[in-house]
Amino acid sequence: MGFRTSIAIASAKLLSFACKIAGKQGVTMAGKLAMKIDPGILKKLSAQVRGEILVTCGTNGKTTTNNLICSAYEAEGRRVVCNHTGSNMLMGVAAAFVLASKVSGKLDADNAVIEVDEASAKRVFPHMKPDYMVLTNLFRDQLDRYGEIDITMNLLKEAMDMAPDMTIIVNADDSLSSYLALESGHKVVTYGISEQVFHRENDHEIREGQFCKKCGHRLVYDFYHFSQLGVYHCPHCGFRRPDVDFDACHISLKGGLSFDVAQRAAGEGQVPLRHIEASYRGFYNIYNILACYAAVKTCGLKTDHFDEMLKKYRPEFGRNELFRIGASTVLLNLAKNPAGFNQNISSVMEDESPKDLIIVINDNAQDGTDISWLWDVDFDRFADESIRSITVSGLRCQDMRLRLKYVGIHADLEADVRTAIEKRLRDGCGNLYVLVNYTALYSTHKMLGEMEGRKEGAR
């Protein structure tokens with residue numbers, strides 16, 4: 001493989017180990033160092049993957065979806081390269097391959113399942129040609145970094161053009177993602193939810209895809225699931241939700257998630273339903289599991305151990321991750337934009353038992369320094385007697401407290417996250433939800449793990 005490649009891999013592994021010893025994540029730094037020493041290292045390593053390479057893109061749900069897909073492959077005995085931690089820009093992707101390789105430059109991998117940031121895909125694809133892309137959804141996110149949705153869509157279109165043989169597995173319920181996939185010229189496989197699950201009155205949720213991307217006229221929706229996800233058509237030009245290849249139906253949210261998947265076979269109508277159950281919370285996780293199932297079936301992977309995989313799968317790195325600290329249960333979840341936060345609120349409110357809540361908001365560069373999106377979140381839904389207390393924390397805790405004040409909700413203020421958690425563990429009701437945006441995730445995850453007594457690096 002070459003001396004330079006070996007030096008790059010050895011240096012990256014050493015740096016990653018040093019970062020772990022120092023209590024830092026260090027994944028991106030390891031990838032950056034490897035690519036500085038050997039700029040072609042990602043192309044060399046990804047070329048050694050024996051089977052298909054699958055990437056997961058989209059605003060929300062891509063880390064959970066990507067990790068589920070990886071777990072499905074591993075459950076069928078495959079060796080997989082995966083960036084589990086969600087380091088999804090070029091350097092993080094490079095690190096996933098480098099840290100999975102031997103110092104000699106040899107990579108022993110049947111497949112690669114890689115999460116890729118939407119804006120970074122055009123930087124990643126010159127180094128790695130995916131066979132499949134899962135596109136989960138497109139929401140407004142970090143306006144100071146991404147700009148408006150059109151900019152993100154244009155960046156993704158450029159990346160798609162770099163991989164002309166790639167099949168796109170897209171969420172049909174998102175008009176923005178569907179339009180992008182259908183107009184790309186790629187082979188497209190769709191998944192979605194055709195039955196109405198919620199019957200909401202006075203629903204004022206902010207929605208992105210209100211207008212047809214094809215002609216600009218307002219879309220007509222039969223119903224919404226959340227945000228702009230639903231069943232839609234344009235009465236002006238005929239653009240509509242595409243036929244669904246993997247359709248979730250018979251949905252139940254009681255005591256976990258339960259649904260059937262109807263798979264449309266080419267020229268053969270529907271094949272027998274596949275029943276799926278999972279002990280996760282949150283309606284949005286149906287989309288994550290459905291995307292996973294659609295992806296592995298489209299890739300031709302057997303699903304003999306799919307149900308077993310779902311039972312064993314444990315969300316990680318702050319995606320509905322549960323900690324048990326003393327007599328308290330703590331659920332950590334990432335909430336970084338209006339659509340994601342509103343779904344977090346729905347998940348919290350599904351729990352009717354008494355609970356405490358900590359909201360951590362930062363405005364570092366990776367979060368997006370513009371936090372005006374807080375005013376598009378339906379925080380008024382937290383005005384419920386089951387919520388015993390709300391504490392705001394992080395760099396922009398004052399802004400978060402002000403936002404709650406405008407909907408008549410009192411919040412305690414504690415800028416230091418550790419102190420906020422310790423107080424609620426000491427005097428709370430024993431059922432704590434911690435909602436954080438991006439740069440608070442790793443540090444909060446680490447401190448909760450320490451409080452619980454987890455070993456560093458345990459998954």
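I need the helices (runs of 4 or more DSSP H) fully contained in the stretch 333-430, keeping only those with at least 3 residues that are at pLDDT 95 or above and open to solvent by 40 Å² or more (accessible area, probe 1.4 Å).
397-405, 417-427
Let's see how each residue does on (1) open to solvent by 20 Å² or more (accessible area, probe 1.4 Å); (2) within 26 Å of Y232 (Cβ to Cβ); (3) in contact with a strand residue (DSSP E or B) (Cβ under 6 Å, 6 or more places away or on another chain):
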site	(1), (2), (3)
A119	yes, yes, no
P130	no, no, yes
R140	yes, yes, no
L155	yes, yes, no
A163	no, no, no
V170	no, yes, yes
S177	no, yes, yes
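Looking at V134, is it surrounded by 24 or more Cβ atoms within 10 Å (Cβ to Cβ), modelled with pLDDT of 95 or more, closer than 24 Å to S16 by Cα and not hydroxyl-bearing (S, T, Y)? First the steps, then the outcome.
Numbers: surrounded by 24 or more Cβ atoms within 10 Å (Cβ to Cβ): yes; modelled with pLDDT of 95 or more: yes; closer than 24 Å to S16 by Cα: no; not hydroxyl-bearing (S, T, Y): yes.
Here the answer is no, as V134 does not meet what is asked.
Select from the stretch 208-218 the residues that are in a loop (DSSP other than H, G, I, E, B) and modelled with pLDDT of 70 or more and write down the one among them that is farthest from D150 (Cα to Cα).
H217
Condition test on Y280, is it open to solvent by 10 Å² or more (accessible area, probe 1.4 Å), assigned to a helix (DSSP H, G or I), closer than 22 Å to T85 by Cα and touching a strand residue (DSSP E or B) at 6+ places or on another chain (Cβ under 7 Å)?
Details: open to solvent by 10 Å² or more (accessible area, probe 1.4 Å): yes; assigned to a helix (DSSP H, G or I): no; closer than 22 Å to T85 by Cα: yes; touching a strand residue (DSSP E or B) at 6+ places or on another chain (Cβ under 7 Å): yes.
Considered against the rule, which asks whether it is open to solvent by 10 Å² or more (accessible area, probe 1.4 Å), assigned to a helix (DSSP H, G or I), closer than 22 Å to T85 by Cα and touching a strand residue (DSSP E or B) at 6+ places or on another chain (Cβ under 7 Å), Y280 comes out as no.
Run V434 past the list (1) open to solvent by less than 40 Å² (accessible area, probe 1.4 Å); (2) in contact with an Asp or Glu (Cβ under 9 Å, 6 or more places away or on another chain); (3) closer than 22 Å to E385 by Cα and report the number of the one that doesn't hold.
(2)
Answer with yes or no whether G230 is over 27 Å from N111 (Cβ atoms), part of a loop (DSSP other than H, G, I, E, B) and without any contact (Cβ under 8 Å) to a residue 60 or more places away in the chain.
No, not satisfied.
For the list (1) farther than 28 Å from V116 by Cβ; (2) crowded, with 20+ Cβ neighbours inside 10 Å, I need the number of the one condition that R218 fails.
Going through (1) farther than 28 Å from V116 by Cβ; (2) crowded, with 20+ Cβ neighbours inside 10 Å one by one, R218 breaks only (2).
Show the residue pairs meeting these rules: Cβ distance below 6 Å; 6+ apart or different chains; first residue within the stretch 146-175 and assigned to a helix (DSSP H, G or I); second residue basic (K, R) and at pLDDT 95 or above.
Filtered contacts from the stretch 146-175: L155/K122; E158/K122; A159/K122.
Can you tell me which residue is farthest from the chain's Cα centre (by Cα) among those in the stretch 237-254 that are assigned to a loop (DSSP other than H, G, I, E, B) and at pLDDT 95 or above? Before the answer, list the steps.
We begin by selecting, within the stretch 237-254, every residue assigned to a loop (DSSP other than H, G, I, E, B); these are 237-239, 241-245, 253-254.
Narrowing further to those that are at pLDDT 95 or above: 237, 239, 241-245.
Numbers: C237: 32, F239: 27, R241: 23, P242: 23, D243: 24, V244: 22, D245: 22 Å.
Filtering the stretch 237-254 for residues that are assigned to a loop (DSSP other than H, G, I, E, B) and at pLDDT 95 or above, the one farthest from the chain's Cα centre (by Cα) comes out as C237.
Would you pick out the residues in the stretch 90-132 that are more than 19 Å from A30 (Cα to Cα) and part of a helix (DSSP H, G or I)?
E118, A119, A121, K122
Hey, any hits in the stretch 39-46 for a residue that's modelled with pLDDT of 95 or more and under 30 Å from N344 (Cα atoms)?
no
The values are calculated or read from the model by the stated rules, or taken from the named source; none is laboratory data. The shown structure was predicted, so the numbers you read here are calculated from the model rather than taken from an experiment. Positions of Cβ are generated from backbone atoms using ideal geometry, with glycine treated the same way; all protein chains shown enter the neighbour counts. These accessible areas exclude ligands, DNA and RNA; they are computed on the full protein's heavy atoms, side chains included. Shrake-Rupley method; radii C 1.70, N 1.55, O 1.52, S 1.80 Å.
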